[in-house]
Amino acid sequence: MARRLAPGLGAAPGAVHLRSDLERKRLAGVDPLTRLPSSAYTPQATAAVYDRLLKRGETLLKAGQSVILDATYMTGADRAAAKALADRLGVPFTGLWLDAPQETLEARVSARQGDASDADARVVARQLSNDPGPIDWTRLQAGGAMDRLAQTARAVLDGAPPD
């Protein structure tokens, strides 16, 4: 969805889409399509990825670019850090939390080809078994068509209430 939103956000040519999957591969020094071992997904490695997202986001925001930070944001601390960055720089922030049935998420990750994500059905199940804590971001139902979800997300970013 972020890939669909980015071109229409902010000034031309649109928002820069920073993906945790790509940043993790860059930190590991591997090609985006190289599958990483489980050691690349430790809490410490994940913290480094989120730190890199924030640092790259800060650089881009200071340069006047709009930014999409695309990651799972499974902890309240990570969500708060993203919002705090925007607050500190005085730029608008909208956090979008996407909810979808487990079967839908598993089907989507299983269908991915030529993508930097290493997620599979086991990763989805593990993520869903973790309690993300209170979600104060705008929640969107993401079980349907991606085009419709992108339209809803764009409307929320433009100030409309979610469906």
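Read the figures in this text as sums done on the coordinates, not as results from a lab. This is a predicted model, so every value here is computed, not measured. As a convention, Cβ positions derive from the backbone with ideal geometry for all residues, glycine included, and neighbour counts pool all protein chains shown.
With the simple model of a label 7 Å out from the Cα in the direction of the Cβ, Glu58 to Ala45 spans 2.5 nm.
On full extension, the segment bounded by Asp158 and Thr138 gains 5.9 nm, given 0.36 nm per residue less the C-alpha separation. Taking every C-alpha pair closer than 8 Å and separated by at least 6 residues, the mean separation divided by the residue count of the range 8-87 gives a relative contact order of 42 percent.
Running Debye on the chain with equal point scatterers at the Cα sites and no solvent, what base-10 log of I(q)/I(0) appears at q = 0.11 Å⁻¹? For the chain at q = 0.11 Å⁻¹, log10 I(q)/I(0) is -0.45. Pairs of Cα atoms nearer than 8 Å and 6+ residues apart set the relative contact order; for the range 70-141 it is 46 percent. Relative contact order of the chain: 25 percent, from C-alpha pairs under 8 Å at least 6 residues apart in sequence. Around the Cα centre of the chain, unit charges on the Cβ atoms of Lys, Arg, Asp and Glu (plus for the first two, minus for the last two) sum to a dipole of about 400 debye.
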